[in-house]
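Every number in this text was worked out from the coordinates using simple rules, so none of it is lab data. In this text, all values refer to a predicted model and were calculated from it rather than measured experimentally. Counting neighbours? That spans all protein chains shown, and the Cβs are built from the backbone with ideal geometry, glycine included.
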Amino acid sequence: MAIHRWRWKTATALILAVLAPMVSAQTYPARPVRLIVPFPPGGSNDIVGRMIAVQLTERLGKQVVVDNRGGAGGTIGTEIALRSQPDGYTLLIISVAYSYNPALYKLPYDPVKATAPVAMIGSGPNALVVFPGLPVNSLKDLIALAKAKPGQLNNANAGVGSFQHLSSELFKLMAGINIVQVPFKGGGPALVAVMGGQAQLTIGSLIQMLPQVRAGRLKALGIGSAKRVAALPEVPTIAEAGVPGYEAANWWGVVAPAGTPAGIVKKLNTEISAILTSTEAQKWFVAEGAEAVTKSPAEFGKFILGEMDKWGKVVKQAGIKAD
């Protein structure tokens with residue numbers, strides 16, 4: 001009889017273990033969800049993260065709160081997120097920076113094992129913009145000016161090892177020019193420096209620059225994608241404007257701490273995918289010069305690994321060292 005009771009208890013425990021993730025997914029979320037953006041306000045991660053937070057709040061019925069935790073190329077906020085309880089109540093916005101940080105920093109977390117990929121959000125090209133008062137009207141003009149004044153033009157970036165830094169280093173190498181890298185604490189402050197004339201140019205995500213370009217506070221000279229974008233059809237690609245072969249794009253996605261129940265990950269992926277395929281979101285991305293991209297958690301995980309390999313090689317070849 002005791003053996004039967006033991007077997008019954010064991011079977012019950014196994015059934016509960018199987019059903020627990022299903023029940024948690026059905027009742028999730030029961031309270032507000034924190035979405036950590038590991039960069040300061042004003043950058044592309046922040047812009048995309050806030051759009052997703054607003055839409056997820058409506059779909060989940062609970063507030064999704066954006067929490068900016070910038071510093072060290074995004075690694076500070078990332079560590080906070082990945083060390084949180086894996087219960088679905090702390091999520092993290094990641095971008096291309098997540099894929100090359102392992103090549104730049106000695107990370108306090110495993111970028112693969114500590115993460116549960118949830119959903120990709122989208123991708124967008126970078127853009128080269130200059131201070132409107134700079135006496136250039138094209139990329140060829142800028143390159144000619146940089147060659148005439150080597151080491152005298154300042155390029156603002158979002159910090160050593162940031163996407164802006166890598167993108168501009170790639171441009172610098174391919175254009176054969178000598179420009180000075182000036183790091184700032186995030187993409188927002190870097191843009192402010194160019195708009196104010198403290199730096200002459202910057203290269204970064206078009207999605208964060210577009211409003212300032214449209215307002216005339218920045219002048220766009222080139223787009224980093226393989227083809228022109230609908231948001232700025234008159235601006236040529238960097239490749240066609242004077243640097244053949246140049247191409248760089250940012251991307252964004254959502255991950256959770258490893259161990260987050262599969263049911264919750266699946267639910268979040270379903271909700272985010274529904275947001276991205278909506279007419280409203282599609283129009284938003286196009287207007288921002290970007291593109292919504294949907295992937296399953298498994299597909300997104302493979303994509304991240306591929307990006308780590310690609311950008312890790314770029315960091316090594318360029319000899320970039322984080323401070």
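So what is Rg over Rh here for region 125-241, counting just Cα atoms and using Kirkwood for Rh?
0.91
Going through region 77-118, which trypsin sites (Lys or Arg not before Pro) have at most 10 other Cβ atoms within 10 Å and a DSSP loop state?
Those that pass, being in a loop and sparsely packed, are Lys106, Lys113.
Quick one: Kirkwood hydrodynamic radius for region 13-168, alpha-carbon pairs, angstrom, one decimal?
With all distinct Cα pairs of region 13-168 included, I get 18.4 Å.
Output the direction-averaged projected area (hull surface divided by four) of the convex hull of the alpha-carbon atoms of region 119-178, in nm².
Average projection, Cα convex hull of region 119-178: 5.3 nm².
At 0.36 nm per residue, and after removing the present C-alpha to C-alpha distance, how many nm does the segment from Tyr105 to Glu240 gain when stretched out fully?
45.2 nm
In the chain, what % of DSSP beta bridges are antiparallel (nearest 5)?
65 percent
Which one, Pro117, Pro125, Pro211, has the greatest fluctuation when you compute a Gaussian network model over the chain with C-alpha springs under 10 angstrom?
The residue with the greatest mean-square fluctuation here is Pro211.
To two decimal places, what compactness ratio does region 172-323 give when its Cα radius of gyration is scaled by 2.2 N^0.38 Å?
1.21
Just to check, using Stokes-Einstein with a Kirkwood Rh over alpha carbon pairs, what's the diffusion coefficient of region 262-323 at 25 °C and 0.890 mPa s in µm²/s?
174 µm²/s
Please list the equivalent ellipsoid semi-axes of region 106-145, computed as the square roots of five times the alpha-carbon gyration tensor eigenvalues, in descending order and whole angstrom.
41, 15, 8
Tell me which lysines have Cα within less than 30 Å of Lys313's Cα, excluding those fewer than 8 residues away on the same chain?
Lys106, Lys113, Lys140, Lys147, Lys172, Lys185, Lys227, Lys295, Lys302, Lys321
About its Cα centre, what dipole magnitude does the chain give when the only charges are +1 on Lys and Arg Cβ and -1 on Asp and Glu Cβ, stated in debye to the nearest 20?
That gives a dipole near 600 debye.
Which of Pro108, Val64, Gly259 sits farthest toward the positive end of the charge dipole of the chain, with +1 on the Cβ of Lys and Arg and -1 on the Cβ of Asp and Glu?
Most positive-ward Cα: Gly259.
Roughly what would the spin-label model give for Ser296 and Thr270, points 7 Å off Cα along C-beta, in nm?
Each label point lies 7 Å from its Cα, and together they span 1.5 nm.
Residues of region 107-129 with backbone nitrogen within less than 18 Å of a virtual label 7 Å along the Cα-to-Cβ line of Asp309, please, listed as ranges.
111-113
Per 10 Å bin, what is the whole-percent P(r) computed from every C-alpha pair distance within region 200-250?
Going out from 0 Å in 10 Å bins, region 200-250 shows 27, 60, 14 percent.
How large is the direction-averaged shadow of the alpha-carbon convex hull of region 182-267, in nm²?
Projected over every direction and averaged, the Cα hull of region 182-267 covers 8.5 nm².
On the first, second and third principal axes, largest extent first, how far apart are the outermost C-alpha atoms of the chain in Å?
So the three principal-axis extents are 93, 40, 30 Å.
Calculate, in whole percent, how much of the Cα-Cα pair population of region 33-77 lies beyond 18 Å.
Result for the distance tail: 26 percent.
Please report, ordered by residue number, every helix of the chain (full DSSP H runs) that is 30 Å or longer along its axis going by C-alpha atoms and whose mean Kyte-Doolittle hydropathy reaches -0.5.
Counting only whole DSSP H runs, the qualifying helices are 2-27, 297-318.
Indicate the gyration tensor shape class of region 227-288 (rounded, prolate or oblate), computed on the Cα atoms with a ≥ b ≥ c the square roots of the eigenvalues: a/c under 1.5 is rounded; otherwise a/b larger than b/c is prolate and the rest oblate.
Note, shape of region 227-288 comes out oblate.
Say each of Gln85 and Glu280 gets a label point 7 Å from the Cα, pointing the same way as Cα to Cβ; how far apart are those two points in nm?
Result for the modelled spin labels: 3.0 nm.
Report the chymotrypsin sites (Phe, Trp or Tyr not before Pro) located in region 231-297 that are in a DSSP loop and have at most 12 other Cβ atoms inside 10 Å of their Cβ, or state none.
none
Averaging sequence separations of C-alpha pairs under 8 Å and six or more residues apart, then dividing by the length of the chain, give the relative contact order as a whole percent.
Worked out over the chain, it gives 26 percent.
Which whole-number percentage describes the relative contact order of region 125-241, with Cα contacts under 8 Å and a sequence gap of 6 or more?
That works out to 38 percent.
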